[in-house]
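**Student:** To start, I am sharing the structure in question, which I have written as structure tokens.
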Amino acid sequence: MDGNRVATRSITLRFLAQPTDVNFGGKVHGGAVMKWIDQAGYACAVGWSGYYCVTAYIGGIRFYKPIFIGQIVEVKAVVVNTGTTSMHIAIEVSATDAKTGTRKKTAQCMTVFVAIDDAGDKMKVPHWNPTIPVDIELQKAALRSLETRNNEAGEFVFPD
Ligand SMILES: CC(C)(COP(=O)(O)OP(=O)(O)OC[C@H]1O[C@@H](n2cnc3c(N)ncnc32)[C@H](O)[C@@H]1OP(=O)(O)O)[C@@H](O)C(=O)NCCC(=O)NCCS
């Protein structure tokens, strides 16, 4: 990798909610929001690490409010914690009514991406060191999500 490369810590995807994103109730499908979360997290992880990245975990997803077709969707992704090869990326989704300019937070979650090279080996990622209160709190949230995940049910065995 280029030694002079500058890691980019955050990214915001911005687009219109399309009629094809609609669910049976006429609002944006939860699955569409999850896809946007994964896309924003991926782009952020690649921008930080400089490698192709895979999603290892998406957790703590909370849908606060519905998104309506035609609203301007913003998906913000920011690196909040780094390990050796993994990055915690916090995601916030918001929707703005173009006519009124009213913006509402619609979802948030914590994701983990792992950097991978062309041979499929895990790669070291640049270290993130938070210094200001908002970033320190975000890192704490990422570490809390690690604890929660470790207390989760583990891998399920499904009945035949
Ligand atoms: C994610 C993946 C690369 C981890 O590989 P692995 O050999 O199990 O790796 P390790 O146990 O050594 O973990 C590697 C890193 O990922 C982290 N990690 C692995 N599984 C994780 C999980 N479920 N949640 C959070 N972090 C996880 C580890 O903590 C470790 O972090 P660190 O290097 O910063 O300490 C591997 O499981 C994989 O390829 N999964 C499929 C990914 C995929 O297909 N995603 C969907 C499409 S992109």
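**Student:** Considering each residue of region 9-20, count those that are in contact with a Gly (Cβ under 9 Å, 6 or more places away or on another chain) and either more than 26 Å from HIS88 (Cβ to Cβ) or loosely packed, with under 15 Cβ neighbours inside 10 Å (or both), and give that number.
**Tutor:** 4
**Student:** Considering each of ILE58, ILE89 in turn, give the residue that is crowded, with 20+ Cβ neighbours inside 10 Å and in contact with a helix residue (DSSP H, G or I) (Cβ under 9 Å, 6 or more places away or on another chain). I'd like the intermediate steps shown before the answer.
**Tutor:** Numbers: ILE58 fails: crowded, with 20+ Cβ neighbours inside 10 Å.
Residue meeting the stated conditions: ILE89.
**Student:** Condition first: touching a helix residue (DSSP H, G or I) at 6+ places or on another chain (Cβ under 7 Å), among the small types (Gly, Ala, Ser) and free of Cβ contacts under 8 Å to residues at least 60 places away in the same chain. Now tell me which residues in region 1-55 satisfy that.
**Tutor:** ALA32 - this is the single residue of region 1-55 that is touching a helix residue (DSSP H, G or I) at 6+ places or on another chain (Cβ under 7 Å), among the small types (Gly, Ala, Ser) and free of Cβ contacts under 8 Å to residues at least 60 places away in the same chain.
**Student:** Here is a follow-up. Being modelled with pLDDT of 95 or more, away from the ligand (no atom under 14 Å from the Cβ), part of a helix (DSSP H, G or I) and within 25 Å of TRP128 (Cα to Cα) narrows it down to one residue among TRP36, TRP48; which is it?
**Tutor:** Working: TRP48 fails: away from the ligand (no atom under 14 Å from the Cβ).
On inspection, the qualifying residue turns out to be TRP36.
**Student:** Within region 106-134, restricting attention to residues that are in contact with a helix residue (DSSP H, G or I) (Cβ under 7 Å, 6 or more places away or on another chain) and closer than 29 Å to HIS29 by Cβ, which residue is farthest from the ligand (Cβ to nearest atom)?
**Tutor:** Among those residues, the one meeting the criterion is ALA107.
**Student:** Given VAL80, VAL93, which one is modelled with pLDDT of 95 or more and either in a loop (DSSP other than H, G, I, E, B) or touching a Pro at 6+ places or on another chain (Cβ under 8 Å) (or both)?
**Tutor:** Criteria check complete, one pass: VAL80.
**Student:** For region 51-84, name all the residues that are of a type in the set (Val, Ile, Thr), within 12 Å of the ligand (Cβ to nearest atom) and over 19 Å from PRO130 (Cβ atoms).
**Tutor:** Of everything in region 51-84, those that are of a type in the set (Val, Ile, Thr), within 12 Å of the ligand (Cβ to nearest atom) and over 19 Å from PRO130 (Cβ atoms) turn out to be VAL54, THR55, ILE58.
The values are calculated or read from the model by the stated rules, or taken from the named source; none is laboratory data. None of these values were measured; they are calculated from a predicted model. Glycine gets a Cβ as well: all are built from the backbone with ideal geometry, and neighbour counts include every protein chain shown.
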